[in-house]
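Participant: One structure, as structure tokens, below. Some questions next.
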Amino acid sequence: MSLVAIVGRPNVGKSTLFNRLVGMRQAIVDGTAGVTRDRHYGKCEWCGSVFSVVDTGGYTSNSDDVFESEIRKQVKIAVNEADAVLFLVEAGTGVTDFDDEIADLLRRSGKPVLLVVNKVDTSEKRFDSYQFYSLGLGDPVCISSANGSGTGDMLDELVKLLPSVSEDGENEKHIARIAIVGRPNAGKSSLTNALIGEERNIVTPVAGTTRDSIESYYNKFGHEMMLVDTAGLRKKNKVSEDLEFYSVMRAIRAIEHADVCILMLDATYGMEQQDMSVFNLILKNKKGCVIAVNKWDLIEKHSNTMKEYTAAILRKTAPFSDVPVVFTSVTNKQRILDVLDRAAEVYENYSKRIPTSELNEIMLAEIENCPPPSVKGKFVKIKFITQLPTPCPSFAFFCNLPQYVNEAYKRFLENRLRKHFDFCGCPIQIFMRRK
């Protein structure tokens, strides 16, 4: 599939155009310059042609932004891997030094470039577009990414620059979505970069570096999945800026759309209240979970440190204690593949389907050995069990008096299911239905 990169200086409307092309509010848009930092991918379809679009951060130099050099590096990577480039400039401001610098970069790249003049909201502003001929990148196309005018003509011109790829009727199989979540500065972006083997996401010691939820396709070592790096989740009373509020909402949405979540903990802090809040959010959304304890190299260890640390974590996650815990050091690349292996196993458990005959044969024997306790002299008789067609493991137990089955017995049934069918890392739903 062809790839189109959207580049330009800060605040010219790259993320607004990206959202319009992919058809959803996928990238955070704000009046503040420099909101986008990482590369952000999406898919666009126009007249039978399907291509990927990548949003980039605003290209600057000699500014006070501590992320400037990292953003420039991300922009250059996006240009190098793109098949065509949308160079966005702003009608009202005219040609700036940054525009000249980006134009020079694009000319040297040798990639097909479509010069797009944004914020042309009126016919008078169309006259401002002629000054952009000085950039030497051909005829500019006038659009307004905010209201969509001119974007159809722009896409017509863009499709001509791409290699001839039309939408083929390939049946795309479902790829596991693995969201990496946790508090700020736990090492989420570092883990993504280490697994992919390139500087896909910007990493700095500054908490809150990642703002959007960044998706990366991973296909190595027998694993094919979509890794989603998210913004750090902080306590509500500590979220003051609008930008951080949007980042948190994107992270929560990433959990909702994921199959499995990797909860990153900082080993020097342990599992604190905010980590428990994120863990409960994962359980509430019925997603698979792997706990990755990062920065393990900073902990002073003895023979039972790992065992004691695991026990302390599982005490806090109880009653859901059937969750894998992996100790890793991303900077030393220690056991990072173990994290991915556990996530793949949890996804396999998450999407597991048990045949009804096998389920009844095993579970009815367990129920016969330990039947539900009687209530007010009435006995509950469970006759039939089936797995429901839901994304997460859910089971319906058909009986004569479902209202008399208490939570303790439901937990017993869950534990028996875990013992016989291995649902490690997955929350299980038990429903009692009247026969």
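The values are calculated or read from the model by the stated rules, or taken from the named source; none is laboratory data. No experiment lies behind these values; they were computed from the predicted model shown. Cβ: placed from backbone, ideal geometry, glycine included. Neighbour counts: every protein chain shown. For the accessible areas, the whole protein counts, side chains as well, though only heavy atoms, and no ligand, DNA or RNA atoms are used. Shrake-Rupley method; radii C 1.70, N 1.55, O 1.52, S 1.80 Å.
Participant: Checking Phe320 against (1) open to solvent by less than 30 Å² (accessible area, probe 1.4 Å); (2) without any contact (Cβ under 8 Å) to a residue 24 or more places away in the chain; (3) within 26 Å of Asp259 (Cα to Cα), only one condition comes out false. Which one?
Facilitator: Only one criterion is unmet by Phe320, namely (2).
Participant: Of these, Ala78, Ala91, Ala84, which one is aliphatic (A, V, I, L, M), more than 10 Å from Val7 (Cβ to Cβ) and in contact (Cβ under 8 Å) with a residue 60 or more places away in the chain? Step through it out loud before you land on a result.
Facilitator: On the way: Ala78 fails: more than 10 Å from Val7 (Cβ to Cβ); Ala91 fails: in contact (Cβ under 8 Å) with a residue 60 or more places away in the chain.
On inspection, the qualifying residue turns out to be Ala84.
Participant: Restricting to the stretch 374-394, give me the number of residues that are among the hydrophobic types (A, V, I, L, M, F, W, C), more than 28 Å from the chain's Cα centre (by Cα) and crowded, with 16+ Cβ neighbours inside 10 Å.
Facilitator: Count: 3.
Participant: Sticking with this structure for a sec: For the stretch 258-269, state whether one or more residues are open to solvent by 80 Å² or more (accessible area, probe 1.4 Å), at pLDDT 85 or above and hydroxyl-bearing (Ser, Thr, Tyr).
Facilitator: yes
Participant: Please work out which one of (1) at pLDDT 60 or above; (2) open to solvent by 30 Å² or more (accessible area, probe 1.4 Å); (3) on the phi > 0 side of the Ramachandran plot; (4) in contact with a Lys or Arg (Cβ under 9 Å, 6 or more places away or on another chain) is the condition Phe221 fails and give its number.
Facilitator: Phe221 satisfies all of (1) at pLDDT 60 or above; (2) open to solvent by 30 Å² or more (accessible area, probe 1.4 Å); (3) on the phi > 0 side of the Ramachandran plot; (4) in contact with a Lys or Arg (Cβ under 9 Å, 6 or more places away or on another chain) except (4).
Participant: Scan Leu227, Leu243 and give me the residue that is among the hydrophobic types (A, V, I, L, M, F, W, C), closer than 23 Å to Val53 by Cβ, open to solvent by less than 40 Å² (accessible area, probe 1.4 Å) and modelled with pLDDT under 75.
Facilitator: Being among the hydrophobic types (A, V, I, L, M, F, W, C), closer than 23 Å to Val53 by Cβ, open to solvent by less than 40 Å² (accessible area, probe 1.4 Å) and modelled with pLDDT under 75 holds for just one of Leu227, Leu243, which is Leu243.
Participant: With the requirement that a residue be in contact with a Leu (Cβ under 8 Å, 6 or more places away or on another chain) and of a type in the set (Gly, Ala, Ser), what does the stretch 369-418 give you?
Facilitator: Ser394, Ala396
Participant: Only one of these conditions is not met by Cys261: (1) free of Cβ contacts under 8 Å to residues at least 12 places away in the same chain; (2) outside any loop (DSSP other than H, G, I, E, B). Which number is it?
Facilitator: Unmet for Cys261, out of (1) free of Cβ contacts under 8 Å to residues at least 12 places away in the same chain; (2) outside any loop (DSSP other than H, G, I, E, B): (1).
Participant: Filter the stretch 110-139 for residues that are buried (at least 22 other Cβ atoms within 10 Å of the Cβ), free of Cβ contacts under 8 Å to residues at least 60 places away in the same chain and of a type outside the set (Val, Ile, Thr) and give the result.
Facilitator: Scanning the stretch 110-139 gives Leu115, Phe132.
Participant: Residues of the stretch 402-423 being assigned to a loop (DSSP other than H, G, I, E, B) and surrounded by 17 or more Cβ atoms within 10 Å (Cβ to Cβ), which ones? Steps first, please.
Facilitator: Here is the first cut: in the stretch 402-423, the residues assigned to a loop (DSSP other than H, G, I, E, B) are 405-406, 422-423.
Those that are assigned to a loop (DSSP other than H, G, I, E, B) and surrounded by 17 or more Cβ atoms within 10 Å (Cβ to Cβ): Val405, Phe423.
Participant: Looking at the stretch 298-346, which of its residues are in a helix (DSSP H, G or I), acidic (Asp, Glu) and over 28 Å from the mean Cα position of the chain (by Cα)?
Facilitator: Glu308
Participant: Scan the stretch 336-359 and report the pairs whose first residue is over 12 Å from Pro324 (Cα atoms) and hydrophobic (A, V, I, L, M, F, W, C) and whose second residue is open to solvent by 50 Å² or more (accessible area, probe 1.4 Å) and not in a helix (DSSP H, G or I), with Cβ atoms within less than 7 Å and a gap of 6+ or a chain change.
Facilitator: So the pair list comes out as Leu337/Phe221.
Participant: Within the stretch 350-373, is there a residue that is within 40 Å of the chain's Cα centre (by Cα), closer than 16 Å to Leu263 by Cβ and of a type in the set (D, E, K, R)?
Facilitator: No, the conditions are met nowhere in the stretch 350-373.
Participant: While we're looking at this one, here's another question. Among the residues of the stretch 68-83 satisfying the criterion of being hydrophobic (A, V, I, L, M, F, W, C) and surrounded by 20 or more Cβ atoms within 10 Å (Cβ to Cβ), which is nearest to Ser216 (Cα to Cα)?
Facilitator: Ala78
Participant: Between Leu161, Leu191, which is at pLDDT 75 or above and open to solvent by less than 50 Å² (accessible area, probe 1.4 Å)?
Facilitator: Leu191
Participant: Right, here's the next one. Could you grab me the full set of residues in the stretch 96-155 that are aliphatic (A, V, I, L, M) and within 21 Å of Ile77 (Cα to Cα)? Break it down into steps so the answer makes sense when it comes.
Facilitator: From the stretch 96-155, those aliphatic (A, V, I, L, M) are 102-103, 105-106, 113-117, 120, 135, 137, 141, 143, 146, 154-155; that's our starting set.
Matches in the stretch 96-155: Ile102, Ala103, Leu105, Leu106, Val113, Leu114, Leu115, Val116, Leu137.
Participant: Just checking, how many residues over the stretch 268-297 are within 20 Å of Tyr347 (Cβ to Cβ), among the β-branched types (Val, Ile, Thr) and not in a strand (DSSP E or B)?
Facilitator: Within the stretch 268-297, residues that are within 20 Å of Tyr347 (Cβ to Cβ), among the β-branched types (Val, Ile, Thr) and not in a strand (DSSP E or B) number 2.
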